[in-house]
Amino acid sequence: MQLDQYEIVRALDFERLGGSEGERKALDILISYIEKTGLPVSIHPFQIHGFDTGEASLVVDGRSWTLHPYGLETEVEIEGELCYLENADALEYNFGAYRGKIVLSFTTSRRVTDLLIGSGVAAYIGISPPHKEALNLSHRQKTFEVGEAVPSATVGYADATELIPLAGRIARIAIRQRVETRIGHNIIVTAGAAERDETLTYLVGHYDSVARSHGSIDNAAGTANLVKACYHFAEHPPERELKIIFFSAEELGLLGSYAYVRDHDEEVGRRGRLVVNVDLSGDPIGQNRFTVLGTKQLLGYVAGVARENGLMFQESLGIYSSDCMPFAVHELPSVNILRSGGRGIHHVHTAGDRARNVTPEGLEDSYRAAEAVLDRVLAGEIYPVRKEIDPSLRERIEKYLWQSLREKPELRWIESYKR
């Protein structure tokens, strides 16, 4: 079976917010391709707080600027003094000094949510990087649920240069956005069978996008690579079981992968051994990267497999903010395959992330690396990957999950690693 990956990227060239009509349209498109392989496919639904792409404006001295409200903002109007902080870390060091103000900021070394909670800030406006459209971001589900979210939006860099001189003036923000309970949908495809042993390997990626973005680099391109993997493993069924999972609502806080691990806890904990995550692909010129959330041995293994297949990847050991993270509570290592540094990646999370920035050639290295690693792992006489994560990463995992979930994570690491 032949598959044109770029055809899939073009077919998914529209907004695909988790739980939205766009997500359901994408699901139907992907199912139509996957069903041609004959592989078993199922849908895993999960509940989320979803939203429609909203709108927001800022008015100062009779002039108006367009803002992009965070996801999970509702209808609100706010008035306060406009205050410019180049570095939002000042909210922590001068705690309470900006109470009641509308803060405009460009940088921070911390998560903005953590800085804003309890600060008394009336609203927050984040300045997007230059030479691109304004970023599109979202509040976390838990922050929304408990009412801790400070009204927030983003603004374009050029507009920010006009706003900064107006600091000290009274500003008014108006936000309009529909928020409601919705259902997201993961797509689960099973290839191979547990003949050699009962180990379970996961190939994953997310097919949703942020608001106002078509998410072509992030991650329609990675999604197209997963579809191609379905075709490959349908024609070459492995003797170990492989689950190929298309997650939704990754951009809203890894909601699809958290839901999958929660609802398949016994499976992941007992049989799971490795996660291969394809996130960010398709850039015509870029840098291929492996970020391995695992051990130095696994890092060397995948780097060697890539070079055997004529692929040069930059390798690093570390955490990666994507669908691999929920699996880490069971100490499942992950290989995160990405392509960055080019024209396309510059527009990620903006309206500029379109199919026109993807090329067929930009898709190939990510796909070939995923296929090569999985072919080797699934065919080994002895499964070559140990269920282990380097001790240097465990505290970073715990901190990441705490911030992501806004609650203490339930870690299931083996006894010697418990603190």
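Laboratory data are not the source of any read-out in this text; all were calculated from the coordinates shown. Model, not experiment: these values are computed from the prediction. Positions of Cβ are generated from backbone atoms using ideal geometry, with glycine treated the same way; all protein chains shown enter the neighbour counts.
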- Given the candidates Gln141, Tyr84, Phe95, the one whose Cα lies deepest towards the positive end of the charge dipole of the stretch 55-177, counting +1 at each Lys or Arg C-beta and -1 at each Asp or Glu C-beta, is Phe95
- Both in Å, the radius of gyration and Dmax of the C-alpha trace of the stretch 1-61 are 16.8, 62
- Item | In the stretch 123-214, trypsin sites (Lys or Arg not before Pro) in a DSSP loop with at most 13 other beta-carbon atoms within 10 Å | Arg169, Arg178
- Divide by every residue of the chain the summed helix terms, -39500 (n - 2.57) for each DSSP H run of at least 4, and state the resulting mean residue ellipticity at 222 nm, rounded to the nearest 500 deg cm²/dmol. -8500 deg cm²/dmol
- Phe106/Ser392 FRET efficiency (R0 35 Å; Cβ-Cβ; nearest 0.05): 0.65
- Cβ under 12 Å from Asn186's Cβ, Asn186 left aside: what net charge do those residues give with Lys, Arg +1 and Asp, Glu -1? -3
- Using θ = phi - 60° and the Karplus curve 6.51 cos²θ - 1.76 cosθ + 1.60, what whole-Hz ³J(HN,Hα) does each residue of the stretch 376-388 get, with Gly and Pro shown as x? 5, 4, 6, 9, x, 4, 10, 4, x, 10, 8, 6, 7
- With DSSP loop assignment and no more than 13 other C-beta atoms within 10 Å, the GluC sites (Glu not before Pro) in the stretch 26-113 are Glu75
- Task: Tally the DSSP beta bridges in the chain and give the antiparallel ones as a percent, rounded to 5.
- Result: 55
- Query: Leaving out same-chain residues fewer than 8 places away, which lysines sit with a Cα under 28 Å from that of Lys228?
  - Reply: Lys25, Lys36, Lys243, Lys387
- Query: Quick one: of the DSSP bridges fully inside the stretch 55-177, what percent are antiparallel, nearest 5?
  - Reply: 60
- Query: Tally Lys/Arg at +1 and Asp/Glu at -1 over every other residue whose Cβ is under 10 Å from the Cβ of His349; what's the total?
  - Reply: -2
- Taking Rh as the Kirkwood radius, which is the inverse of the mean 1/r over Cα pairs, what is the Rg/Rh value for the stretch 1-112? 1.16
- Message: Quick check on the stretch 249-359: take the gyration tensor over C-alpha atoms, sort the square-rooted eigenvalues as a ≥ b ≥ c, and tell me if it's rounded (a/c under 1.5), prolate or oblate.
- Response: oblate
- Tally Lys and Arg at +1 and Asp and Glu at -1 over the other residues with C-beta under 12 Å from the C-beta of Tyr33: what net charge comes out? -2
- Lys399 to Glu7: FRET efficiency via 1/(1 + (r/R0)^6), r the Cβ-Cβ distance, R0 45 Å, to the nearest 0.05? 0.65
- Note on the structure: Among GluC sites (Glu not before Pro) in the stretch 371-400, those in a DSSP loop whose Cβ has at most 15 other Cβ atoms within 10 Å are Glu381
- Query: What's the exposure ranking of Val278, Val329, Val146, Val179, going from fewest to most Cβ atoms within 10 Å?
  - Reply: Val146, Val179, Val329, Val278
- Would you mind computing, in nm to one decimal, how far apart the modelled labels at Ala158 and Val76 are, each placed 7 Å from Cα along Cα→Cβ? 2.9
- Message: Please compute the Kirkwood hydrodynamic radius of the stretch 55-177 from all pairs of different C-alpha atoms, in Å with one decimal.
- Response: 14.2
- Message: Can you give the FRET efficiency to the nearest 0.05 for Ser321 and Glu267, using r as the Cβ-Cβ distance and R₀ = 25 Å?
- Response: 0.55
- Query: Give or take rounding to whole Å, what are the principal axis extents of the alpha carbon atoms in the stretch 318-365, in descending order?
  - Reply: 39, 24, 16
- Expressed in angstrom and ordered largest first, the alpha-carbon extents of the chain along the principal axes are 70, 49, 38
- Inter-centroid distance (Cα atoms) of the stretch 385-416 relative to the stretch 257-285, Å: 15
- Message: Looking at the calculated P(r) for the stretch 283-332, what percent of the C-alpha pair distances fall above 18 Å?
- Response: 39
